[in-house]
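The values are calculated or read from the model by the stated rules, or taken from the named source; none is laboratory data. Since the structure is predicted, the reported quantities are computational estimates derived from the model, not experimental observations. Positions of Cβ are backbone-derived with ideal geometry, glycine not excepted, and every protein chain shown enters the neighbour counts.
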Amino acid sequence: MKPKVVVPFRICEDVLESLDDIAYVQFGPFQSREAYLKELNDAEAVIVGGEPIDEEFLRNAPRLRIVARFGVGYERVGVEACTERGVYVSYTPGVLSNAVAELTMGLILCLSRKIPEADRHVRTEWAKGSRFPSGMDLEGKTLGIIGLGRIGHAVATRAKAFDMEIVYYDFRRNRDVEEALGARVLELDDLLRVSDFVSIHVPLTSSTRGFIGERELKLMKRDAYVINTSRGAVIGEEALCRAIDEGWIAGASLDVFVKEPLPLDSPLVKLKNVVLTPHMSTSTVETRRKMAQVNVKDIRRVLRGEPPLNPVPEQRGKIFQKPE
């Protein structure tokens, strides 16, 4: 019998079916969580989205050898529990940076040129003779990037093409980016004070949960904007709503939220000067295929008894013995 790979969603099926020579791929969606857990009983690999990989999940997958995350955020994967069981956890770094950076710049442009409002104006008001308010140039504006990893770097590169000034805050200094793009490293408070746009690109961890709250938002300029394409819980949503409603800042563009899908009765839905997108930063045909290809390569390696090429940082250098 070939090893079983469970994929609880249908995406890039032709890429994932390329495993057919060494494995049997069982696609979802499944009728219930119970049905999903039952499918895991004899699975040796699983590709996961944002669902929790917890003790219940792992208990129902005694033969599991790899959890391949379709994406880069893995805060809902119990990495420690997987490591204790000798289960690899892999993800897809690098291949989605450009897609996220492109959406980030799109969200910045939506704010600076009021594109969503302009669209509504053309549909309802323009023919009546009403005038549309002016936007702002990006040239000369300061973009503050929180987290200058792969994605933050890709955003900085694109922002430089708009002649924006780049400042950043990160736990690690990146002198290469400073030299190539003229970026300046600042302490977080200083970045918030000087930036016209603040773009967040950090993983969700215990230290970044609620990283931007009331204190931080009150440090920003009243005509500044915040953009978040990382994880919703990095920003305190209640504080953000107050900041926009009470005029601490000018507005926000958000692709991620504490609760997803965003409830229709969320205060964010009712706010003006807010652009909302449905966690779509990696949702391009090309990027999704690349992500699937990375997952396939790592699963193939693990089924052959080799470690994955893209383990999460906590498992770098670890080699688990192939079960008999």
Residue within the range 24-45 that is within 22 Å of the chain's Cα centre (by Cα) and surrounded by 14 or more Cβ atoms within 10 Å (Cβ to Cβ) present: no
Counted residues, the range 270-301 - those being within 30 Å of TRP248 (Cα to Cα) and of a type in the set (D, E, K, R): 2
Conditions (1) of a type in the set (Val, Ile, Thr); (2) in contact (Cβ under 8 Å) with a residue 60 or more places away in the chain; (3) farther than 21 Å from PRO52 by Cβ; (4) part of a helix (DSSP H, G or I); number of the one not met by THR83: (3)
Close pairs from the range 1-23: first at pLDDT below 95, partner surrounded by 18 or more Cβ atoms within 10 Å (Cβ to Cβ) and in a helix (DSSP H, G or I), Cβ under 8 Å, at least 6 apart: ILE11/ARG288; ILE11/ALA292
Number of the condition not met by VAL198 [criteria: (1) part of a loop (DSSP other than H, G, I, E, B); (2) in contact with a strand residue (DSSP E or B) (Cβ under 6 Å, 6 or more places away or on another chain); (3) not hydroxyl-bearing (Ser, Thr, Tyr)]: (1)
Evaluation of SER130 against (1) outside any loop (DSSP other than H, G, I, E, B); (2) more than 30 Å from LYS259 (Cβ to Cβ) (one fails), failing number: (1)
Sole residue being crowded, with 17+ Cβ neighbours inside 10 Å and not aliphatic (A, V, I, L, M), chosen from ARG300, ARG209, ARG242: ARG300
Among residues of the range 86-110, those that are more than 25 Å from SER283 (Cα to Cα) and in a strand (DSSP E or B), counted: 1
Qualifying residue in the range 171-183 (condition: at pLDDT 95 or above, in the same structural domain as ALA101 (by TED's automatic domain parsing) and part of a strand (DSSP E or B)): no
The listed residue being outside any helix (DSSP H, G or I), assigned by TED's automatic domain parsing to the domain that holds SER112 and at pLDDT 95 or above, out of GLU260, GLU238: GLU260
Filtered residue count, the range 263-279, keeping only those that are in a loop (DSSP other than H, G, I, E, B) and exposed (fewer than 13 other Cβ atoms within 10 Å of the Cβ): 5
Test: residue in the range 60-79 that is part of a helix (DSSP H, G or I), surrounded by fewer than 20 Cβ atoms within 10 Å (Cβ to Cβ) and either among the acidic types (Asp, Glu) or out of contact with any strand residue (DSSP E or B) (no Cβ under 7 Å at 6 or more places or on another chain) (or both): no
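Yes or no, residue by residue, for (1) surrounded by fewer than 13 Cβ atoms within 10 Å (Cβ to Cβ); (2) within 20 Å of SER253 (Cα to Cα):
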{"site": "ARG131", "(1), (2)": "yes, no"}
{"site": "GLU139", "(1), (2)": "yes, yes"}
{"site": "LEU148", "(1), (2)": "no, yes"}
{"site": "ILE151", "(1), (2)": "no, yes"}
{"site": "ASP170", "(1), (2)": "no, no"}
{"site": "ARG173", "(1), (2)": "yes, no"}
{"site": "VAL177", "(1), (2)": "no, no"}
